1. Quick check on region 56-86: of everything there that is among the hydrophobic types (A, V, I, L, M, F, W, C) and free of Cβ contacts under 8 Å to residues at least 24 places away in the same chain, which residue is farthest from G18 (Cα to Cα)?
2. Among the residues in region 47-63, are any surrounded by fewer than 14 Cβ atoms within 10 Å (Cβ to Cβ), assigned to a loop (DSSP other than H, G, I, E, B) and hydrophobic (A, V, I, L, M, F, W, C)?
3. Identify, by number, the condition in (1) at pLDDT below 95; (2) under 13 Å from the mean Cα position of the chain (by Cα) that K11 doesn't meet.
4. Which of (1) within 14 Å of Y5 (Cα to Cα); (2) in contact with a strand residue (DSSP E or B) (Cβ under 9 Å, 6 or more places away or on another chain); (3) surrounded by fewer than 11 Cβ atoms within 10 Å (Cβ to Cβ); (4) not aromatic (F, W, Y) is the odd one out, the single condition R25 does not satisfy?
5. Exactly one of (1) on the phi < 0 side of the Ramachandran plot; (2) of a type outside the set (D, E, K, R); (3) touching a helix residue (DSSP H, G or I) at 6+ places or on another chain (Cβ under 9 Å) is unmet by G13. Its number?
6. Out of everything in region 16-26 that is closer than 19 Å to S63 by Cβ and without any contact (Cβ under 8 Å) to a residue 40 or more places away in the chain, what residue ends up being nearest to the chain's Cα centre (by Cα)?
7. Return the residues of region 70-86 that are within 15 Å of the chain's Cα centre (by Cα) and either in a helix (DSSP H, G or I) or exposed (fewer than 14 other Cβ atoms within 10 Å of the Cβ) (or both); say none if nothing qualifies.
Amino acid sequence: MFYVYMLRSKKNGQLYTGSTNDLRRRLVEHNLGKSFHTRKYLPYELIYYEAYKSETDARNRESSLKLRANALNQLKRRLVESLKTH
């Protein structure tokens, strides 16, 4: 399986979207600071993911969320409770 995921920084609430074939490993890597793009805002929590059989489908969805504001805003509207900081 391939996954598209959204993380939220517990430090400042910043969101990060990515894709991987091993979601648990990737979350650990993010929280260990192994990702240049996320290391400044550690720690992260997983707030959403989608699973795909095809890597191409997962990469296309990740690109859509990163490049199309409408796609990301639509997802945020579905995740109202998950995006609240507690």
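The values are calculated or read from the model by the stated rules, or taken from the named source; none is laboratory data. Quick caveat: nothing in here was measured; it's all calculated off a predicted structure. Note that we place each Cβ from the backbone using ideal geometry, even for glycine, and neighbour counts take in every protein chain shown.
1. If we take residues in region 56-86 being among the hydrophobic types (A, V, I, L, M, F, W, C) and free of Cβ contacts under 8 Å to residues at least 24 places away in the same chain, then V80 is farthest from G18 (Cα to Cα).
2. No, the conditions are met nowhere in region 47-63.
3. The one condition K11 does not meet is (2).
4. Only one criterion in (1) within 14 Å of Y5 (Cα to Cα); (2) in contact with a strand residue (DSSP E or B) (Cβ under 9 Å, 6 or more places away or on another chain); (3) surrounded by fewer than 11 Cβ atoms within 10 Å (Cβ to Cβ); (4) not aromatic (F, W, Y) is unmet by R25, namely (2).
5. The single condition G13 does not satisfy is (1).
6. Residue satisfying both the conditions and the ranking: Y16.
7. A71, L72, N73, Q74, L75, K76, R78, S82, L83
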